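Every number in this text was worked out from the coordinates using simple rules, so none of it is lab data. Computed from a predicted structure; not experimentally measured. Glycine gets a Cβ as well: all are built from the backbone with ideal geometry, and neighbour counts include every protein chain shown.
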Amino acid sequence: MISLERVNAALSTEQGILPVLDNINLQVPDGGICAFIGPSGCGKSTLMKIVAGILQNYRGQVLFRGERIDPKKHTIGFIPQNYGLLPWRRVKENISLGWRVKKRGMPIEQSSWRKLLSQLGIESLLERYPGEISGGQQQRVGLARAFLMQPDILLMDEPFSALDAITREEMQAVFLELWQTYHVTTLLVTHQAEEAVLLGQKIAVLSARPAHVLKALDNPLFGNPAARREESFIRLENELRQLLGKAKEPL
């Protein structure tokens, strides 16, 4: 379980100290997915960096299974908006990079390697460079790199926002298939209400900066792309949009 307990954070700017997070409290069960949605600039990415262990200057506690999250101890996968691929490395090298950095010379488990490549349909891309493949294919490579590491925690910062609508829906389905195989505890940042309903078992709606949790919802509609046009799905989308409208209002 990931536990966020009274998490507060501020950033130093030329204008002074800027409060970013205000008393964030949330729990995400082992193997669950929590989608964070909120206004642009509210602090969603800052929260991801705190969970990743990149930002240490915060108050409160960020725990995984009762222990403070430590990147040296815990394996944390990260999928950013721009896929995070190295353009001068071939696909096979990009996929294995996270494993080699984290596992420090341990041989890659070939059964896991073959299974992931097959699930993602990228066996034929291994010798290509990122600039030679499409955005959807690059996203598949990013997913392969993250899941190959067998992470304790997976962080996804608007991972599908750069894709066109059709490719985005395809990649959301691909991600769900992978997650249903590996059940990695996942935090997902999104700015789309539809994506939050589809991919979030739990949905946390954040206020404008300094962000606090306006509402945390358990989502019974999670993981069912066929439900996109059902009344209950659209109703929950609309509820999130209304909350986001309130989130943007000045306090």
In degrees, nearest 10, range 0 to 90: what is the angle between the Cα axis of helix 135-148 and the longest Cα principal axis of the chain? 90 degrees
Shape of segment 113-251 from its Cα gyration tensor (a ≥ b ≥ c, root eigenvalues): rounded if a/c is under 1.5, otherwise prolate when a/b > b/c, or oblate? prolate
Could you calculate the contour length gain from Arg68 to Ser111, that is, 0.36 nm times the residue separation minus the distance between their Cα atoms, to one decimal place in nm? 12.3 nm
Pairwise label distance in nanometres, Leu86 with Glu230, each label 7 Å out on the Cα-Cβ vector: 4.5 nm
Using Cβ contacts closer than 10 Å as the measure, can you line up Trp88, Trp179, Trp113 from fewest to most? Trp88, Trp113, Trp179
Give the peptides 187-196, 140-149 in descending order of average Cβ contacts within 10 Å, highest first. 140-149, 187-196
With angles folded into 0 to 90 degrees, how steeply does helix 165-182 sit against the dominant principal axis of the chain? Use alpha carbons for both and round to 10. 80 degrees
Cα long-axis angle, helix 110-120 against the chain (0 to 90 degrees, to the nearest 10): 70 degrees
Antiparallel versus total DSSP beta bridges in the chain: what percent is that, nearest 5? 55 percent
Candidate values [x] 53, 43, 35; [y] 78, 40, 34; [z] 59, 40, 32, label of the one derived for Cα extents along the principal axes in Å: [x]
Among Lys102/Lys215; Lys103/Lys215; Lys115/Lys215; Lys72/Lys246; Lys73/Lys246; Lys44/Lys103, which pairs are too far apart, with a Cα-Cα distance over 32 Å? Lys102/Lys215; Lys103/Lys215; Lys115/Lys215; Lys72/Lys246; Lys73/Lys246
If we sort 68-75, 44-51 on the protection proxy, mean other Cβ atoms within 10 Å, highest first, what's the order? 44-51, 68-75
